[in-house]
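Take a look at the structure below.
Please treat every number below as a calculation from the coordinates, not as lab data. This one's a predicted model, so the numbers in the text were calculated from it and none came from an experiment. Here Cβ is always computed from backbone atoms with ideal geometry, including for glycine, and neighbour counts include all displayed protein chains.
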Amino acid sequence: MIHGVLIDLEGVLYVGGYPLPGAREALLSLRAAGIPVRFVTNSSRTTRGAIIDRLARMGLDVSIEHLFTPVVAARNYLAERKLTPHLLVHSNIRGEFADLLGSPPGAVLLGDAGSAFDYEALNQCFRLLLDGMPLLAMGSNRYFRDDGELSLDIGPFVAALEYAAELEAVVLGKPASDFFLAAVDSLELPPQDVIMIGDDAEMDVRGALAAGLRGVLVRTGKYRSGDEAKVEPHGGRVFDDLDAAVDYIL
C-alpha cells in the first residue's frame, strides 16, 4: 500500500507560471483520500517562501513546512557542522546564508548560480578546493526546462570542479538519499510506503528508488522520449501526467 506521496514541483505540478492540466484536482484527490503529501524540489535559485508564494498565485495550496528544498538542507548542513561557506549561488538566495558568512571559509557551496557561473568564479572555487575545503552541492541535475528550452543546471559545473580538484561533492538535494528520507521522516512512514512522482528519470525517480521509496516518472516537464528505459528496469513506473499517477495510487 502507498500511504504517502512526494511530488516534484516544476514540470509535474506546473510549467512556467501555469499549473499543468489536472494538477490541482490531483492534489485535492490525494487530500480527500487522506494521503499526506510532501513537496520536494531541487530549485536552488529562490527561497522557500518565494516558492510558496508562486504556488499560491497559481492556485496551488502548499504549506511551507511541507516543502523541502536544497537551500534549507544546505543551511542546516552548514549550521550543524559550524562551517562558514564560500558561496557560488544565485543572488536570490544569498541572504539565506548571510548569518553564516565569515572569514576564512570552511566549505565551498554551489547552487544553481545561473549567469554567475563564470570562469573567474569557478576558478576561485577550484583554488579553495585545492586547499582542502569540501565541495557542497545543492543538487546534481544535468539540465532543466526554462521558457520552453532545456538549459544547463548545476550538475555540469559540479562535475567540472570534481574532475579538476579530484574530489567528490557532498550532494544536499536530489538524488541524495538523505534528502528524500528527510521528507519521508516528516510523514512518519517507512520509505517503502512512500512514492515519489517526478519528471526527471535520474534525480527524481532513480534517486527515490535508491533511497528505498517507490518511484513514478511522468511524461511532462523535462521528460524526454526514451526516459522510460532509465526507470522501468529498476522498478519505476511511468504515466502521462500527475493526474494519471494519482489515479494509479488511489
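Looking across the stretch 4-34, just one residue is of a type in the set (Phe, Trp, Tyr) and under 11 Å from residue 220 (Cα atoms), and that is 14. The set of residues in the stretch 32-61 being of a type in the set (Gly, Ala, Ser) and without any contact (Cβ under 8 Å) to a residue 24 or more places away in the chain consists of 32, 34, 49, 56.
Say whether the condition of being surrounded by fewer than 19 Cβ atoms within 10 Å (Cβ to Cβ), more than 20 Å from residue 110 (Cα to Cα), in contact (Cβ under 8 Å) with a residue 24 or more places away in the chain and under 19 Å from the mean Cα position of the chain (by Cα) is met by at least one residue in the stretch 231-246. Checked against the condition, which is being surrounded by fewer than 19 Cβ atoms within 10 Å (Cβ to Cβ), more than 20 Å from residue 110 (Cα to Cα), in contact (Cβ under 8 Å) with a residue 24 or more places away in the chain and under 19 Å from the mean Cα position of the chain (by Cα), the stretch 231-246 yields no hits at all. Applying the condition of being surrounded by 15 or more Cβ atoms within 10 Å (Cβ to Cβ) and among the charged types (D, E, K, R) to the stretch 159-189 and asking which residue is farthest from residue 139 (Cα to Cα) yields 162. Put simply, of 223, 163 the only residue that is of a type in the set (Ser, Thr, Tyr) and part of a helix (DSSP H, G or I) is 163. If I ask for residues that are surrounded by 18 or more Cβ atoms within 10 Å (Cβ to Cβ) and either more than 16 Å from the chain's Cα centre (by Cα) or of a type in the set (Val, Ile, Thr) (or both), which ones from the stretch 129-141 would you list? If the condition is that a residue be surrounded by 18 or more Cβ atoms within 10 Å (Cβ to Cβ) and either more than 16 Å from the chain's Cα centre (by Cα) or of a type in the set (Val, Ile, Thr) (or both), then 129, 133, 135 are the ones that fit. Of the strands (runs of 3 or more DSSP E) lying entirely inside the stretch 1-105, those carrying at least 2 residues that are under 18 Å from the mean Cα position of the chain (by Cα) are 4-7, 37-40.
For the stretch 193-212, the set of residues classified as in contact with a Pro (Cβ under 9 Å, 6 or more places away or on another chain) and either small (Gly, Ala, Ser) or surrounded by fewer than 24 Cβ atoms within 10 Å (Cβ to Cβ) (or both) consists of 202, 206, 207, 208, 210, 211, 212, listed by residue number.
Does the stretch 16-31 contain at least one residue that is charged (D, E, K, R) and buried (at least 20 other Cβ atoms within 10 Å of the Cβ)? Checked the stretch 16-31: no residue is charged (D, E, K, R) and buried (at least 20 other Cβ atoms within 10 Å of the Cβ).
The sole residue among 144, 117 that is surrounded by 15 or more Cβ atoms within 10 Å (Cβ to Cβ), within 30 Å of residue 35 (Cα to Cα) and not acidic (Asp, Glu) is 144.
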